[in-house]
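J.: Let me give you the structure first, and then I'll get to my questions.
The values are calculated or read from the model by the stated rules, or taken from the named source; none is laboratory data. Everything quoted here is computed from the prediction, not taken from an experiment. Glycine gets a Cβ as well: all are built from the backbone with ideal geometry, and neighbour counts include every protein chain shown.
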Amino acid sequence: MKSLVIFKKDKQEIPDSFGKLSFIIKNSSRYLLLSFLLFINGCGIYSVRPGTIPTHIKSIAVSPVINETAEFAIAEDMTGRLLNQLLTENLLPVTDENAANSIIYVIIKSLDDRPYTFDEQEMVKEYKLTINADFTWYDALNQTELMKSPVSQWSAYYSENYNSQFSPDDQRVRENALDETMTKIAEDIILKLTSDW
């Protein structure tokens, strides 16, 4: 004799074997269909946000970086770092501005050196080098901004007095901090472009 399971909520009698399975599948499919419809509804609105790329964007260029600081030659250096980062990541074909579907513009707004840490005699032990920049990702086909964001990064270096305690290989000079900070800025910009691709 087959045992019966009564589901009081639905007032249905279902055999304990295959009938129960079909009942579960039937009700599960309703939930799956509802979830799918909600998902499709949420995807119906398209907007450009960090990490998405419009389908018409097939190439990218880096405009020469503008330097508004007194620091020498960092504009050319940053332009090169951005190009290298794009080529390394192989995100989109890199081309010149006249042929590109999209262009990255960067303005270095400030470069600041400030005391960061002090020793027991209250002498500066480390300096903090900070670069602040603005970057824009521009859609050259539709002549609109896809993304605009400030970018800020920093690195520390030792004071001349503190560096004198170390061998040349172990010293942290300003050039080290500048190099690291420029690399971080370039990486941060590419990360903003690709965070959800």
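J.: Return yes or no: is residue 77 at pLDDT 95 or above, out of contact with any helix residue (DSSP H, G or I) (no Cβ under 9 Å at 6 or more places or on another chain) and among the charged types (D, E, K, R)?
T.: no
J.: State which residue is farthest from the chain's Cα centre (by Cα) when the search covers only the range 80-111 and only residues that are of a type in the set (D, E, K, R) and either surrounded by 18 or more Cβ atoms within 10 Å (Cβ to Cβ) or part of a helix (DSSP H, G or I) (or both).
T.: So the residue we want is 81.
J.: Could you list, in sequence order, the residues of the range 139-172 that are surrounded by 13 or more Cβ atoms within 10 Å (Cβ to Cβ) and under 21 Å from residue 71 (Cα atoms)?
T.: Within the range 139-172, 151, 152, 153, 154, 155, 156, 157, 158, 159, 172 qualify.
J.: So which residues in the range 71-84 are of a type in the set (A, V, I, L, M, F, W, C) and free of Cβ contacts under 8 Å to residues at least 24 places away in the same chain, if there are any at all?
T.: Correct list: 72, 73, 83.
J.: Being modelled with pLDDT under 95, in a loop (DSSP other than H, G, I, E, B) and more than 20 Å from residue 176 (Cβ to Cβ), is that true of even one residue in the range 112-121?
T.: yes
J.: If you take the residues in the range 59-79 that are within 22 Å of the chain's Cα centre (by Cα) and assigned to a helix (DSSP H, G or I), which one is nearest to residue 99 (Cα to Cα)?
T.: Among them, the one singled out is 79.
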